[in-house]
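The values are calculated or read from the model by the stated rules, or taken from the named source; none is laboratory data. Keep in mind it's a predicted model, so treat the numbers as computed, not measured. In this analysis, Cβ positions are derived from the backbone assuming ideal geometry, glycine residues included, and neighbour counts consider all displayed protein chains.
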Amino acid sequence: MITLVPAWAHHYDEFWAAIRRRNLWFIKLRYFAVISLLAFLLIGQYLLDFQFSETQLTAILIIDFSILLYNLIIHRTRKYIGITPGQFNAMHLSLAQMFLDLASLIILVYFTGTIYSPLYMFFIFQFVIGSLILLGYLVYTVAVILILLYSALVILQHYSLIESHYISGLYITHPETHNLTYVILYLIVFSAMMLVTVYLTNTIARRLYKREQQLRETLNQLNEAEMQKQKYIMGVVHEIKTPIAAVQSFLDLILQNFLGPVSEQVEDKVKKARRRTEESIEMINDILRISKLKMLNLTDMEELDITESIQSIIDKVSENALSRKISIKYNDNRETNNLIKADKVLIELAISNIVNNAIKYNTENGIVEISLYNKDKELVIEISDNGIGIPKNEQQSVFLQFYRASNIKRGKLEGSGLGLSLVKEILERHKGRVEVDSPSIIGTADRPGTSFRIILPSTEKRARRRRKIKIISEI
Amino acid sequence: MSLIAIIDDDPDIIEATSLVLKSRGFSVCTASNPDEGYKIIKENNPDLIILDVMMDEPDDGFFMAQKLRRDKVKTPILMYTSVSKTIGFEYGQGEMVPVDDFVEKPISPEELIEKVKLLLKKVEA
């Protein structure tokens, strides 16, 4: 099998994607051509009085039908044709299509008058398309063959060595009134036009591919630089964590009376210090999480039952919720429990981040409501609370790194402002998204609350059974 | 009473850890780098080793743990790390990390005591 693919494109996915995409276009375009040709025949015959001969009618109909037939075959088999350079691949399919089309067109042109056929212009069109996908030498070879074939037909017809099929309704006088000079001039112009077209399109297409490849390489370099940056951040943050961790270890020694009793006043101050070190450590951990997520492009995708994840999250937070007198409600409004494709650890991290916020930014006797429903083949996990809410003009900013809403009192509630940017990053990894609304669907005037919606693509596959969620913290 | 070796290059962590363990009646011996660490382990034959994962070089602690196991030292090892599972760095037991448990820094005294007691109990059993 001849390798039709230029070496630089062997492992270049975008090149193959383009070839396959174009193959599909041609198939669609060809259906259109079949219909147009039939219309040409019908309109010509009945409205414009073209006076097709019997032979012409039969020939054109046969060609039209053949085009339809091979197009159907190509359409069907397209899926099974791979992109391996050594085997019959999408590129060979393109070439095969081009040959079939050219053969059909040349027969069609012959039966509609060759030099006088209004259809010969389509040769140009075909070569523009061919040049976009085929290697230069191939297109040139095909172009030269076509020029020779077409010239032979024209000259043979000029000397009446083969039969001509003019569409008699199209001409006022009999067409064979030109001399040889006209034929030669016509053929020179035709050849030049073909070759220039091939040259221009081929060069431009090739440059475009290369440019695109360069762009991709640059993009990879940028990603690489981003990785380096994240590594650097992780290193630095780690170094910062070490002394803070040591400080906190000492503060704990004091607070837990390992050094003997301390006065209430000292204890109070040490407690404050302890709270601040904990705040820093939480922030550091969040930064480490985000950096790690950005560094590892790999996510461990598996099919999972979201109700199981939600149960484990509720189990983890229930103690905290109970101690703050916040009740958790759960309802699953879906008709079927479809599995989702996700990285279990990451998706649980994202959901628990929002559930934890819903508890953290809530007040006594607050409610956190988790609802599941399906919308347009997507799974929506809606987490609503009736806590302090988020001011309207800040609702989009909460997903930015280090952003904290202005109505959170500084020092009162620890938080780094990194949690939601992590959630956003995780969901983007899953081709999902997160939306926010405040006041929430369960909010009231004095307790506006916030609703977060985690939206994930859902699979067709159903979980074996729907888990009955146990809620311990319901008051 | 059990003897515990603490090997960490951060003197403050050694001090804090020693304080906690001594308060519970354990004896401690300390070292601030892997070489010294080997020496005190050979000399004192402790019942438990607390080892920091990063010393002069990252992963020093891992290499040291591996070397100890190769030398047929079966003493339980409790490893101090500063990255936790919550961040997604999964440390599992096994060939790669032949340690018995982990404590994430900052060290909570209660957690430390609990894990130390548990590991020592395992040895006795």
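The residue pairs whose first member lies in region A:68-95 and is closer than 14 Å to A:Leu135 by Cα, whose second member is hydroxyl-bearing (Ser, Thr, Tyr), and whose beta carbons are closer than 7 Å, counting only pairs six or more residues apart or on different chains, are A:Pro85/A:Thr3.
Apart from one condition, A:Glu308 fits all of (1) assigned to a strand (DSSP E or B); (2) surrounded by fewer than 21 Cβ atoms within 10 Å (Cβ to Cβ); the exception is (1).
Answer with yes or no whether A:Met301 is farther than 25 Å from B:Tyr80 by Cα, surrounded by 13 or more Cβ atoms within 10 Å (Cβ to Cβ) and more than 10 Å from chain B (Cβ to nearest Cβ). The answer is yes for A:Met301. Part of a helix (DSSP H, G or I), modelled with pLDDT of 85 or more and of a type in the set (D, E, K, R): does that describe A:Lys294? Against the criterion (part of a helix (DSSP H, G or I), modelled with pLDDT of 85 or more and of a type in the set (D, E, K, R)), A:Lys294 does not qualify. Out of the residues in region A:247-267 that are under 58 Å from the mean Cα position of the chain (by Cα) and of a type in the set (Val, Ile, Thr), state the one that is surrounded by the fewest Cβ atoms within 10 Å (Cβ to Cβ). Checked region A:247-267; the qualifying residue surrounded by the fewest Cβ atoms within 10 Å (Cβ to Cβ) is A:Ile254.
Taken as a whole, the structure places A:Arg274 among residues that are in a helix (DSSP H, G or I), without any contact (Cβ under 8 Å) to a residue 40 or more places away in the chain and within 14 Å of another protein chain (Cβ to nearest Cβ). Consider region B:106-125 and keep the residues that are surrounded by fewer than 13 Cβ atoms within 10 Å (Cβ to Cβ) and over 27 Å from A:Thr277 (Cβ atoms). The one that is modelled with the highest pLDDT is B:Lys121. Considering (1) among the hydrophobic types (A, V, I, L, M, F, W, C); (2) surrounded by fewer than 17 Cβ atoms within 10 Å (Cβ to Cβ); (3) over 43 Å from the mean Cα position of the chain (by Cα), the lone condition that A:Val237 does not fulfil carries the number (3). Considering only region A:285-296, I want to know if a residue exists there that is buried (at least 17 other Cβ atoms within 10 Å of the Cβ), under 30 Å from B:Pro11 (Cβ atoms), of a type in the set (A, V, I, L, M, F, W, C) and within 14 Å of chain B (Cβ to nearest Cβ). Yes, that holds for at least one residue. Do we have any residue at all in region A:126-143 that's surrounded by 19 or more Cβ atoms within 10 Å (Cβ to Cβ), assigned by TED's automatic domain parsing to the domain that holds A:Gln51 and outside any helix (DSSP H, G or I)? Looking through region A:126-143, at least one residue is surrounded by 19 or more Cβ atoms within 10 Å (Cβ to Cβ), assigned by TED's automatic domain parsing to the domain that holds A:Gln51 and outside any helix (DSSP H, G or I).
Of the residues contained in region A:52-72, one or more are found to be in contact with an Asp or Glu (Cβ under 9 Å, 6 or more places away or on another chain) and either buried (at least 18 other Cβ atoms within 10 Å of the Cβ) or aliphatic (A, V, I, L, M) (or both).
Only a single criterion out of (1) within 28 Å of A:Leu222 (Cα to Cα); (2) among the polar types (S, T, N, Q); (3) in the same structural domain as A:Thr363 (by TED's automatic domain parsing) is not satisfied by A:Ser327, namely (1). Right, A:Asn220: in contact with a Gly (Cβ under 6 Å, 6 or more places away or on another chain) and either assigned by TED's automatic domain parsing to the domain that holds A:His158 or of a type outside the set (Ser, Thr, Tyr) (or both) or not? Against the criterion (in contact with a Gly (Cβ under 6 Å, 6 or more places away or on another chain) and either assigned by TED's automatic domain parsing to the domain that holds A:His158 or of a type outside the set (Ser, Thr, Tyr) (or both)), A:Asn220 does not qualify.
Residue check: A:Glu226 meets all listed conditions (1) in contact (Cβ under 8 Å) with a residue 12 or more places away in the chain; (2) within 13 Å of chain B (Cβ to nearest Cβ) but one, namely (2).
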